[in-house]
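Heads up, the thing below is written out as structure tokens.
The values are calculated or read from the model by the stated rules, or taken from the named source; none is laboratory data. What you see is a predicted model, and the numbers here were worked out from it, not measured in a lab. Positions of Cβ are backbone-derived with ideal geometry, glycine not excepted, and every protein chain shown enters the neighbour counts.
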Amino acid sequence: MQTLPTPPSGSVQIEDDRTGLSIETLKRAFLDNLFYIQGKFPALASKNDYYMALAYTVRDRLLRRWLNTAETYTNTQARTVCYLSAEFLMGPHLGNNLINLGIYDQINQAMTELGLDLNELLQQEEEPGLGNGGLGRLAACYLDSLATLEIPALGYGIRYEFGIFDQEIRDGWQVEITDKWLRYGNPWEIARPDWAVEVKYGGHTESFIDEHGNYRVRWVPFKVVKGLPYDTPILGYKVNTANTLRLWSAEATESFDFGAFNSGDYFGAVHQKSNSENISKVLYPNDEQYQGKVLRLEQQMFFVSCSLQDMIRILQMQNMSLEKFPEKFSVQLNDTHPAIAVAELMRLLMDEHGMQWDNAWNITTRTFGYTNHTLLPEALERWPLKLFSELLPRHIEIIYEINRRFLDDVRIKFPDDPGRLSRLSLIDESGEKYVRMANLACVGSSAINGVAALHSELVKQTVLKDFYDMYPEKFTNVTNGVTPRRFVVLSNPRMTSLITSKIGDNWIKHLDELRRIEQFADDPGFRYEFRQIKQAIKQDLANHIKSETDVEVDPSSLFDIQVKRIHEYKRQHLNALHIIHLYNRIKANPSAEITPRTFLFGGKAAPGYYMAKLIIKFINSIGEVVNRDPDVAGRLKVVFLKDYNVKFAQRVYPAADLSEQISTAGKEASGTGNMKFSMNGALTIGTLDGANVEIREEVGAENFFLFGLTTEEVAAKKAAGYRPIDYYESNNDLRQVIDRIASGFFSHGDTGLFRPLVDNLLHKDEYLLLADYQSYIDCQEQVSQAYRNWDHWTRMSILNTARMGKFSSDRSIRDYCQNIWKVQPVPIELKDYTQS
Ligand code: 73E
């Protein structure tokens, strides 16, 4: 617990209602907020009023740390990390802030004493779903670790009015509902209208010679949009550092509409206003699927320009010269979504601040780092040149000039290699012309990294090979990590208490210390307790499933879980084939020995991704048949949980026995769900893909269920002309599974419904499900056998948790700080403003 400064002797210490941490003070502050902010007295207050009053009570306690932090950074001119990301999938703030402030238990008690249930209030929070999946959640974990490690940092992104859609399931199909997360207000953010900036689009450029005789360019835009920053404090775990997440909201500029208003074009002026506001209206719900929409490029330009202008403002406020930009800021590009920053920083330095090219380029390339998150060709961002030039006429000029100089460098290093030049060019000229954002990011950055060891190797060998040949020294790996504060301490309090009772609570900040519970893996008492906890959490989830879906699941069955975005490369349908295999076994011999399993799925499909939506329908259809077949006698249950999001993820990971990480080798860059499961004691069934490789190295091959082709084998098989139908024809069991689907058995006799799925598997099978099928089935059989020996299973489970230290996002952030950002911690002292 934090202590207040010692009062002068003889005086009475009264805790301030906005900072005090005693139960009595917390209760008083809470009731005060209910009254003065929500304007309600207890008899009239709704659950949401109580949630808001509590959120404000907690926010007050963050504010003092936040202001101390800002003041220290300003006074010390601290070197700062800026994490530019189109997505921040933060999850609910309240619980996490209680953990990081170290007041979870006090608040729990204060609420109980007021006759309220903290869990109910926590459930009340609408999560800000400002991301699609792993990439956005990674950004959120990194903010938590940056603050915890006391690194000065700002997260910059977009304040989407509508985040990722809410998913409902109707008749087994996904239905998308708009996410109105701001409906009841957002107590965690503070608008900063003083720091609004303007962003230009369209129009044309004009060149002129300035008063010093220098060639300059002026951009005359077609429209100007205002960016308004909203700040959310990001508190570290049990430190005083509270960094900032600054999200930009688009508004119409006041000045720009005047002409229209004065000329009587009221409608035109209002239209222009709503048009501007569209920019931050909605998150594109595509995960790893590029869509070349103008609005998306407007969004990227919008938050990038706002953020870079904000950095320049900060620099100038601290009386630092622009030359110091790369010393003051290290700017990380979270994939290519913010890659336009390379051209925008050049433009700001040259056109707005009068700098010459060489100087501006030197500053720019020392500033940026670029993280690649995917090798999937359909995710690569390339903008049609025409669209790009019309929206960003000045940026295309700058990109041409960057390209001209860059290709000259290439010619020097690789003379007479036109193929290489055309591959490296920032402009794709092979057919219709495109601007290649990954190429821009590579040329404009001093460091390029992948997100797991295997992925970083593949980046060098495949998509960015030519850049690796050109600049080998820029390439590194930083394996992803996840925050144990949210994904263990907050989500699994029972396991947290057990571990802490044995080894103290240092592991929460130094996850490597979890190794110290290895010594208890053979202690029968510890094993028993570990297993009891898992059992109790599974019971809770079973109750939740019953209330949500009316399906009864047996908490002693093996909880086999796959939660992630629905994508063919992630192979949820391979999991489904295994379910049908087991079902067929039961149908052939109802008394067959089958380890009872509950198959849980969760995840959203991109609204325009037909095959992913069909996979959701497929899983639900299997569930409909299997769950009520009397021959199955409850031994198999299949449940698709709707609307998988961060809040729900926190309930799911602790309840898993088995974590499904079954992507085709070489396709999943890292995965981070795999880490969250394993930290909570689930065993993994997985391929040698992404971070699975490193997880298996850490936990030991004997505590990991490995199957499937390797990346090299996948490539070789494809090169040799892969024919999935051969597997179908030569494997009886597989044939029976496929035939059962094709016969309409899971679709009320309709043989057409799943035909696209079946045809795809038999004749295309881009992700090699059929090639991996037998290996997967055999491996699942080992899982079933292993689960029968619960004592041994629990031992493996404990060892998984104990050996996950490497996958704390604290380790990832340390890697970034040392190898890429070159930034040091700046500890924050707690000062008391009320005394001064
Ligand atoms: O393997 C994951 C990785 O763990 C990868 O698929 C994901 O990023 C995670 C964090 O590194 C990812 N998401 C996207 N690309 N890679 C993406 C692309 C376009 C839009 C939204 C997300």
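Checking the structure you have, find out if any residue of region 538-559 is in contact with a strand residue (DSSP E or B) (Cβ under 7 Å, 6 or more places away or on another chain) and part of a strand (DSSP E or B).
yes
Which pairs have Cβ atoms under 8 Å, sit 6 or more apart or on different chains, and link a residue in region 608-637 that is more than 17 Å from residue 752 (Cβ to Cβ) to one that is surrounded by fewer than 20 Cβ atoms within 10 Å (Cβ to Cβ) and acidic (Asp, Glu)?
The qualifying pairs are 634/552; 634/554; 637/552; 637/554.
Of the residues 634, 673, which is of a type outside the set (A, V, I, L, M, F, W, C) and at pLDDT below 95? Give the steps one after another, and end with the answer.
On the way: 673 fails: at pLDDT below 95.
None of the other options fit; the residue is 634.
Among the listed residues 338, 326, which satisfies the condition of being crowded, with 24+ Cβ neighbours inside 10 Å and either in contact with a helix residue (DSSP H, G or I) (Cβ under 6 Å, 6 or more places away or on another chain) or over 30 Å from residue 285 (Cβ atoms) (or both)?
338
I need the full set of residues from region 360-392 which are within 15 Å of residue 202 (Cβ to Cβ) and among the hydroxyl-bearing types (Ser, Thr, Tyr), in order please.
Once the filter is applied, which keeps residues that are within 15 Å of residue 202 (Cβ to Cβ) and among the hydroxyl-bearing types (Ser, Thr, Tyr), region 360-392 yields only 389.
Please find, within region 45-61, the residue that is surrounded by the fewest Cβ atoms within 10 Å (Cβ to Cβ) out of those that are under 14 Å from residue 32 (Cβ atoms) and among the charged types (D, E, K, R).
Only one residue fits best here, namely 60.
Scan region 283-302 for residues that are within 19 Å of the chain's Cα centre (by Cα), within 20 Å of residue 395 (Cα to Cα) and either basic (Lys, Arg) or near the ligand (Cβ under 9 Å from one of its atoms) (or both) and jot them down.
296
Take the residues in region 489-513 that are in contact with a strand residue (DSSP E or B) (Cβ under 9 Å, 6 or more places away or on another chain) and either within 13 Å of residue 680 (Cβ to Cβ) or not charged (D, E, K, R) (or both); name whichever of them is nearest to the ligand (Cβ to nearest atom).
This residue is 511.
Are there strands (runs of 3 or more DSSP E) fully within region 424-504 with at least 1 residues that are under 22 Å from residue 670 (Cα atoms)? List them.
Strands (runs of 3 or more DSSP E) meeting the threshold: 445-450, 475-477.
Are any residues in region 553-592 of a type in the set (A, V, I, L, M, F, W, C) and within 24 Å of the chain's Cα centre (by Cα), and if so, which ones?
If we filter region 553-592 for residues that are of a type in the set (A, V, I, L, M, F, W, C), which is where we start, we get 553, 558-559, 561, 563, 566, 574, 576-577, 579-580, 582, 586, 588, 592.
Correct list: 561, 563, 566.
For the condition touching a residue at least 24 places away in the same chain (Cβ under 8 Å) and more than 19 Å from residue 278 (Cβ to Cβ), what is the one hit in 170, 159, 137?
137
Just checking, which of 58, 81 is within 30 Å of residue 156 (Cβ to Cβ), outside the structural domain of residue 122 (by TED's automatic domain parsing) and away from the ligand (no atom under 16 Å from the Cβ)?
81
For region 450-485, name all the residues that are within 16 Å of the ligand (Cβ to nearest atom) and out of contact with any Ser or Thr (no Cβ under 8 Å at 6 or more places or on another chain).
457, 459, 462, 463, 464
Considering 113, 87, 127, which residue is of a type in the set (Asp, Glu), surrounded by fewer than 24 Cβ atoms within 10 Å (Cβ to Cβ) and closer than 29 Å to residue 370 by Cα?
127
How many residues are over 20 Å from residue 578 (Cβ atoms) and in contact (Cβ under 8 Å) with a residue 12 or more places away in the chain when one looks only at region 728-767?
Selection size over region 728-767: 5.
Is it true that residue 378 is within 16 Å of the ligand (Cβ to nearest atom), of a type in the set (Asp, Glu), under 16 Å from residue 437 (Cβ atoms) and not in a loop (DSSP other than H, G, I, E, B)? Walk me through it before giving the result.
Numbers: within 16 Å of the ligand (Cβ to nearest atom): yes; of a type in the set (Asp, Glu): yes; under 16 Å from residue 437 (Cβ atoms): yes; not in a loop (DSSP other than H, G, I, E, B): yes.
In short, yes.
Given region 127-203, what strands (runs of 3 or more DSSP E) lie entirely inside it while holding 1 or more residues that are within 16 Å of the ligand (Cβ to nearest atom), modelled with pLDDT of 95 or more and touching a Ser or Thr at 6+ places or on another chain (Cβ under 9 Å)?
Result: 153-158.
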